[in-house]
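Enquirer: Shown below is the structure under consideration.
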Amino acid sequence: MKKKRIPFLIAFLLVAAVGLICGLHYKKTHISTTDAYVQGHIHWISSRVNGMVKKVLVEENEWLKEGKLLVILDEEPFEIKVKEKEASLNLEKERLNEIKKEIDATSVQLILKKTKLKQTQLDWKRAKNLYKKNAVSKQNYEHMLTKLKIAQAEYDFVKESLNQKKAHFAVQKNLIKQKKAQLNEVLLNKDYTCIYAPTDGFVVKKNVEVGNYVKVGVPLLSLVNTKDVWIEANYKETKLHRIKKGLKAIIKIDAYPKKKFYGYVESIMAGTGAAFSLFPPENASGNWIKVVQRVPVKIVFCEDVPLLRIGMSAKVTILSK
């Protein structure tokens, strides 16, 4: 009987050895974790202006297309500001036209003064030459000199006045630019009373109703695009040296237990999950206990996947070379 049992024992040992070798090889080439979840982009929608909510055009869990109108704020306060800025801009434009007319009139006056100055200079030179020849009296010569000084002063005065008006014109143009910028700002704020969807997605965490007064930056709702999802697999740091970018991965989603999905390692986070938590561990404290940390690894699907919800559980096996 003992001799008959020996072949069965040998066969059992061979099968066990082969199973052990296969198990060790599988463990070496297949890096698995169940600490994995579906992740995606969450777009938090908030208002860019303060205002009262006039209409809410979406419902919780509704699927939206990019550009869909979500919320409308009361436009009346912004329309009043637009009218005020338009009136102020038109007033400054009228003032600019008045200054331009003054510049035109002063320019004509300057031409006349310049012509008069040139004629007076000629008369003075003629009188000066005659005075040297004693052809005219000193009184006449001094009279012409006085007329020359007056003509020069009048010309200088009108020229300075023209320069001041041109400077005022430049200042007024800059003021109009400021008024236009202010008008554009209030027009833009008026446009911001209509809030649109920046992407496709499901409405999640809707926190806005008609009559609410919303403030800038306060989230009203969020959009989740379930078409652009990935897996975040949290591997122990002791296995990280075997994980490289580009390695293939087998993904099992708990919601689809009978189906396998395939993907690849796109990136490895530059820190552990605990390091970026709200309260990171204080390793320098006196009560320090060594704990194996986990590092998030981003797994991207290689194929189209059915509808997946953010936060769904998964099991990921990375095929190590």
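No value in this document is a laboratory result; all are computed from the given coordinates. Since we're looking at a predicted model, the values are computed, not measured. Methodologically, a virtual Cβ is constructed for each residue, glycine included, from the backbone with ideal geometry; neighbour enumeration extends over all protein chains shown.
Enquirer: Step through the residues of the range 259-272 one at a time and calculate ³J(HN,Hα) from phi using the Karplus curve (6.51 cos²θ - 1.76 cosθ + 1.60, θ = phi - 60°), rounding each to whole Hz and writing x for Gly and Pro.
Expert: Each residue of the range 259-272 in turn: 10, 10, 10, 10, x, 8, 6, 8, 7, 10, 4, 7, x, 6 Hz.
Enquirer: Would you mind checking the tilt of helix 2-29 against the longest principal axis of the Cα atoms of the chain, expressed as 0 to 90 degrees and rounded to 10?
Expert: That works out to roughly 0 degrees.
Enquirer: Pop out the ³J(HN,Hα) list for the range 51-57 in order, Karplus 6.51 cos²θ - 1.76 cosθ + 1.60 with θ = phi - 60°, rounded to Hz; leave Gly and Pro as x.
Expert: Each residue of the range 51-57 in turn: x, 8, 6, 9, 9, 10, 10 Hz.
Enquirer: Based on the Cα atoms of the range 76-191, what semi-axes does the equivalent ellipsoid have, where each is the square root of 5 times one gyration tensor eigenvalue, given in whole Å with the largest first?
Expert: 55, 9, 8
Enquirer: What is the dipole size for the chain, taken about its Cα centre, with +1 at each Lys and Arg Cβ and -1 at each Asp and Glu Cβ, in debye to the nearest 20?
Expert: With Lys and Arg at +1 and Asp and Glu at -1, about 1780 debye.
Enquirer: Okay, next question. Which pairs in the list Lys55/Lys85; Lys113/Lys133; Lys54/Lys81; Lys114/Lys166 are over 23 Å apart, alpha-carbon to alpha-carbon?
Expert: Over 23 Å apart, Cα to Cα: Lys55/Lys85; Lys113/Lys133.
Enquirer: Based on the alpha carbon coordinates of the range 29-89, what radius of gyration and maximum Cα-Cα distance (Dmax) apply, in Å?
Expert: Cα radius of gyration and Dmax of the range 29-89 are 21.4, 75 Å respectively.
Enquirer: Quote the relative contact order of the range 56-172 in percent (integer), defining contacts as alpha-carbon pairs under 8 Å separated by 6+ residues.
Expert: 31
Enquirer: Measure nothing fancy, just the Cα-based angle from helix 76-132's long axis to the longest principal axis of the chain, in degrees from 0 to 90, nearest 10.
Expert: 40
Enquirer: Who wins for biggest fluctuation among Glu142, Glu266, Glu75 in a Gaussian network model of the chain, springs between alpha carbons below 10 Å?
Expert: So, out of Glu142, Glu266, Glu75, the one fluctuating most is Glu142.
Enquirer: Moving on. Label Phe301 and Lys128 with points 7 Å out from Cα along Cα→Cβ: what is the distance between them in nm?
Expert: In this crude spin-label approximation the distance works out to 9.7 nm.
Enquirer: Any of Lys101/Lys173; Lys205/Lys259; Lys65/Lys190; Lys93/Lys159; Lys83/Lys215 with alpha carbons more than 19 Å apart? Name them for me.
Expert: Lys205/Lys259; Lys65/Lys190; Lys93/Lys159; Lys83/Lys215
Enquirer: Now for a different question. Once the Cα atoms of helix 138-191 and of the chain are each reduced to a long axis, what angle between those two axes, in degrees from 0 to 90 to the nearest 10, is obtained?
Expert: Between the helix axis and the principal axis of the chain, the angle is about 20 degrees.
Enquirer: On a straight-distance basis, which aspartates and glutamates could pair with Lys244 in a cross-link, Cα separation under 20 angstrom, same-chain partners fewer than 8 positions away excluded?
Expert: Asp35, Glu232, Glu266
Enquirer: Taking N as the number of residues in the chain, what is its Cα Rg relative to 2.2 N^0.38 Å?
Expert: Taking the Cα Rg and dividing by 2.2 N^0.38 Å, one obtains 2.17.
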